[in-house]
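The values are calculated or read from the model by the stated rules, or taken from the named source; none is laboratory data. Values in this document were obtained by computation on a predicted structure and should not be read as measured data. Cβ sites come from the backbone with ideal geometry, for glycine too, and all protein chains shown count toward neighbours. The accessibility values were calculated without ligands, DNA or RNA, using every heavy atom of the protein model including side chains. Shrake-Rupley method; radii C 1.70, N 1.55, O 1.52, S 1.80 Å.
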Amino acid sequence: MSTSDHSATPVPASFSVSVADVELEADDLDPEQIVSGDPVVTGKVLWESADGKQVRGIWQITPGVVTDVEANELFVVVSGRATVEVEGGETLEVGPGSACVLREGDRTTWTVHETLRKAYHISY
């Protein structure tokens, strides 16, 4: 799920936010990624490295089924539930408190059962 279109908000080197309360911004979802439903994606970049190779933020998706090609990502689900099928690999059931690692290039299908919000760190 692309997060690179968000502009990073300048923040101090160290900071804390309430992931559940951060106001998110609309994030375009390529219609070709939608398998079923009418999912809506929102997000907020909290920090991005000067070279753009690392991004940290919050991302949310409403129920539906979408496909994606992943970046190298660690995320923790704050709320909601989804099933993430990795092509040729595992099927991951994620919900509140789940820590998940996706590898760069993983082709995934996300079946979002309940609006899912996650905090993430991506390395490009």
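Which ones in segment 33-59 are farther than 13 Å from A13 by Cβ and of a type in the set (A, V, I, L, M)?
Across segment 33-59, the qualifying residues are I34, V35, V40, V41, V45, V55, I58.
Can we say Q60 is more than 21 Å from W110 (Cα to Cα) and out of contact with any helix residue (DSSP H, G or I) (no Cβ under 8 Å at 6 or more places or on another chain)?
no
Looking only at segment 64-94, how many residues end up being open to solvent by less than 60 Å² (accessible area, probe 1.4 Å) and more than 13 Å from the chain's Cα centre (by Cα)?
Count: 6.
Hey, among the residues in segment 29-62 that are open to solvent by 70 Å² or more (accessible area, probe 1.4 Å) and within 13 Å of the chain's Cα centre (by Cα), which one's farthest from A82 (Cα to Cα)?
R56
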